[in-house]
Amino acid sequence: MKILFIITKGLEKSGSAIRALQLAALTSEQGNHVEVFLIDEAVHWAQGVKASSGECLSDYMELLNCREHPILVCKSCAEKRLITQDNLIEGAVITTMPVLVEKVASPDYKVLTL
């Protein structure tokens, strides 16, 4: 089974977003196939921004195995915020919403929206 974490929260709810990243990382660390898709304000995490606690997405990239499973960033959400691929940390990739729809519709994925 593949587990897809859809994260929507940005800096305005950084506690929730960081907990979601921690949960995804722990799930991956236990040997599960994990993918993360950032939408809405969560796309800013892919820029390397830090929460007030000092934590950021980069802290979890190795545990999330981003070499094999990049952090996916919603293209339309990124464009709306004037974010390009060049603005993202290594291991994050801008992709289109049909990619998300395909994963959500697949019986191979368990989907968590946080």
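Do the sum for the chain: with -39,500 (n - 2.57) for every DSSP H run of n ≥ 4, divided by all residues, what is the mean residue ellipticity at 222 nm, to the nearest 500 deg cm²/dmol?
On the way: 3 runs with 31 residues, N = 114.
Helix contribution divided over all residues of the chain: -8000 deg cm²/dmol.
For the range 1-57, the convex hull spanned by the alpha carbon atoms encloses 67 Å³ per residue.
Can you pull the semi-axes for the chain, root of five times each eigenvalue of the Cα gyration tensor, sorted largest first, whole Å? The partial results should precede the final answer.
Values: eigenvalues 73, 57, 32 Å².
Each semi-axis is √(5λ); the values are 19, 17, 13 Å.
Which stretch or stretches of the range 1-19 have amide N atoms under 11 Å from the point lying 7 Å from Asn32's Cα along the Cα→Cβ direction? Correct set: 1-5. Note the count of lysine pairs whose C-alpha atoms are less than 24 angstrom apart in the chain, limited to pairs 8 or more residues apart or on different chains. Lysine pairs meeting the criterion: 17. Counting only protein heavy atoms and a 1.4 Å probe, the range 5-114 has 53 square angstrom of accessible area per residue. Under 5 Å from the amide H of Val73 lie the amide H atoms of Leu38, Val93, Ile94, Thr95, each residue being 5 or more positions distant or on a separate chain, with H modelled from the backbone and absent for Pro and chain starts. The protection proxy used here, the mean number of other Cβ atoms lying within 10 Å of each residue, ranks peptides 44-53, 31-40 as follows, highest first: 31-40, 44-53. For the chain, the carbon plus sulfur part of the accessible surface works out to 51%, probe radius 1.4 Å. Pair-distance distribution P(r) for the range 45-96, from all Cα-Cα distances in 5 Å bins starting at 0: 4, 22, 29, 23, 17, 5, 0 percent.
Convex hull volume per residue, computed on the Cα atoms of the range 31-70, equals 78 Å³.
The values are calculated or read from the model by the stated rules, or taken from the named source; none is laboratory data. Please read all numbers here as calculations on a predicted model, not as lab measurements. All Cβ positions, even for glycine, are placed from backbone atoms using ideal geometry, and neighbour counts span all protein chains on display. With ligands, DNA and RNA removed, areas are computed over all heavy atoms of the protein, side chains included. Shrake-Rupley method; radii C 1.70, N 1.55, O 1.52, S 1.80 Å.
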